1. Restricting to the stretch 91-128, give me the number of residues that are surrounded by fewer than 20 Cβ atoms within 10 Å (Cβ to Cβ) and not in a helix (DSSP H, G or I).
2. Just the residues that are more than 15 Å from the ligand (Cβ to nearest atom), without any contact (Cβ under 8 Å) to a residue 60 or more places away in the chain and among the β-branched types (Val, Ile, Thr), please, taken from the stretch 86-125.
3. Please verify whether Lys44 is of a type in the set (Lys, Arg), out of contact with any helix residue (DSSP H, G or I) (no Cβ under 6 Å at 6 or more places or on another chain) and more than 16 Å from Tyr125 (Cβ to Cβ), treating the condition exactly as stated.
4. Look through Asp52, Asp11, Asp26, Asp58 and report the one residue that is part of a strand (DSSP E or B) and of a type in the set (Asp, Glu).
5. So the check is Cβ under 7 Å with 6+ separation or different chains; which pairs have a first residue in the stretch 58-84 that's free of Cβ contacts under 8 Å to residues at least 12 places away in the same chain and within 16 Å of the ligand (Cβ to nearest atom) and a second one that's among the polar types (S, T, N, Q) and assigned to a helix (DSSP H, G or I)?
6. Mind checking which residues of the stretch 34-53 are more than 23 Å from Ala23 (Cα to Cα) and away from the ligand (no atom under 16 Å from the Cβ)?
Amino acid sequence: SRRSYHEKVLDHYNKPRNVGSMAKGDNDVGTGLVGAPACGDVMKLQIRVDPDNNTISDVKFKTFGCGSAIASSSYLTELVRGMTLEQAARIKNTEIAKELCLPPVKLHCSMLAEDAIKSAITNYYTKNPKARKTDLGGTGAAIPKVEVETITEGAATA
Ligand code: FES
């Protein structure tokens with residue numbers, strides 16, 4: 001029940017920050033769409049990147065899921081705004097879980113947010129391969145591969 005949610009979760013749940021969508025086709029937009037196999041909840045996270053300094057200038061989310069997933073994505077949008085892609089790619093779900101005081105059973109909800117930002121960054125790099133090089137100091141090294149569940153219509157819930 002909602003009584004078991006921490007007040008920080010409720011605050012984000014009742015007043016979610018940065019809900020919405022961006023035009024997926026825009027070249028400066030990266031879209032991440034991920035799902036949690038454990039419960040079937042789905043999160044879409046989009047970032048707009050300033051190509052001059054590789055920082056996240058805008059961020060929007062839509063989450064179809066539990067209160068902790070909504071709170072995790074809402075908090076994540078506040079966290080990543082203004083970050084470089086490299087910084088945002090290093091965010092760990094444990095950071096989110098700690099801020100929101102998520103209990104162990106809700107850890108996977110914060111994992112969804114970590115997956116979503118990584119997926120959005122990967123999508124941006126796919127559209128803008130040169131940005132990846134810039135971000136890594138010109139080494140051209142690949143960022144760590146992120147395993148992302150691709151959401152297909154009618155995807156089964158475990
Ligand atoms: Fe699955 Fe929260 S219960 S995302």
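1. 5
2. Ile91, Thr94
3. Details: of a type in the set (Lys, Arg): yes; out of contact with any helix residue (DSSP H, G or I) (no Cβ under 6 Å at 6 or more places or on another chain): yes; more than 16 Å from Tyr125 (Cβ to Cβ): yes.
Yes: the conditions hold for Lys44.
4. On the way: Asp52 fails: part of a strand (DSSP E or B); Asp11 fails: part of a strand (DSSP E or B); Asp26 fails: part of a strand (DSSP E or B).
The unique qualifying residue is Asp58.
5. From the stretch 58-84, no pairs qualify.
6. Taking the stretch 34-53 and keeping what is more than 23 Å from Ala23 (Cα to Cα), we get 36-40.
Matches in the stretch 34-53: none.
Laboratory data are not the source of any read-out in this text; all were calculated from the coordinates shown. Not measured: the values here are computed from a predicted model. We place every Cβ from the backbone using ideal geometry, glycine too, and count neighbours over all the protein chains shown.
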